[in-house]
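Notes follow the structure.
The values are calculated or read from the model by the stated rules, or taken from the named source; none is laboratory data. Since we're looking at a predicted model, the values are computed, not measured. No Cβ is skipped: glycine too gets one built from the backbone with ideal geometry, and neighbour counts run over all protein chains shown. Surface accessibility is based on the protein's heavy atoms, side chains included, excluding ligands, DNA and RNA. Shrake-Rupley method; radii C 1.70, N 1.55, O 1.52, S 1.80 Å.
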Amino acid sequence: EAAVTQSPRNKVAVTGGKVTLSCNQTNNHNNMYWYRQDTGHGLRLIHYSYGAGSTEKGDIPDGYKASRPSQENFSLILELATPSQTSVYFCASGDGREGDTQYFGPGTRLLVL
Amino acid sequence: GDSVTQTEGPVTVSESESLIINCTYSATSIAYPNLFWYVRYPGEGLQLLLKVITAGQKGSSRGFEATYNKETTSFHLQKASVQESDSAVYYCALGDNYAQGLTFGLGTRVSVFP
């Protein structure tokens, strides 16, 4: 009954290819987030959303697009994947209350060759 | 930009000993930051341990405590007596009041041995 799920869990892509990472939440939260985590870095914010149809740039948006077609779904799109985008990607939903507690998915491990 | 610095791991402690993980922050773009500790237990996802949104207040959960100190820009995590089940990676994070995402520290891996 995981409330935030991600797919795929693992992905191997080729340089220059298109990659779509999907996130689904059943928390009915308005806010959703995409982060990446690399060795030597904490989680870094890529894009976020306040609701269906909304996407906002985070701290490191270059090379990424986001799509929020519904309350439940938030996708991260790499139009032209590069090896530097090899990372673990985490999606989260936020409850919007008192500091906006975030609930994280299990992560997607992406390898770009 | 905003940043969070926390104790560099790994940290190894014996069961029943005390634990402190230091966290200091710089919130150049946030007037009143909200502060969080998240934790990832082995085999599990990242989850909230505790949060404090008001300076001077203390948060607590699962025997852990952290006090939001605006003067020293710190939010250290402490536990008086750890258990083996506290072995995890702990992340300090800060956020604003507009749900614009969190800034995380690097994480501190804690291993508790019996």
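Details
- Trypsin sites (Lys or Arg not before Pro) within the stretch A:1-98: DSSP coil, no more than 15 neighbouring Cβ in 10 Å: A:R9, A:K18, A:R97
- In straight-distance terms, cross-link reach from B:K70 covers every one of the aspartates and glutamates whose alpha-carbon lies under 15 Å from its own, apart from those fewer than eight places away in the same chain; here that gives B:D2, B:D96.
- Ligands, DNA and RNA are left out, and with a 1.4 angstrom probe the accessible area of chain A is 47 Å² per residue.
- Unit charges on C-beta of K, R, D, E only; dipole of the stretch A:15-89, Debye: 60
- Spatial separation of Cα centroids for the stretch A:51-83 and the stretch B:73-114, in angstrom: 27
- Along the axis of the charge dipole computed for the protein assembly as shown (Cβ charges of +1 for Lys and Arg, -1 for Asp and Glu, origin at the Cα centre), the listed residues B:Y32, A:Q25, B:G9 are led at the positive end by A:Q25.
- Interface between chains B and A: roughly 1500 Å² of accessible area buried, both sides summed (probe 1.4 Å, protein heavy atoms only).
- Split the accessible area of the protein assembly as shown by element, probe 1.4 Å, and carbon with sulfur accounts for 47%.
- Accessible area expressed per residue, chain B, with surrounding protein chains retained (probe 1.4 Å, Å²): 48
- Among the GluC sites (Glu not before Pro) found in the stretch A:13-113, those both in a DSSP coil and sparsely packed, with 14 or fewer other Cβ atoms within 10 Å of their Cβ, are A:E79, A:E98.
- Threshold 50 Å² - residues in the stretch A:37-69 whose accessible area is reduced by that much or more when the chain is no longer isolated, probe 1.4 Å: A:L43
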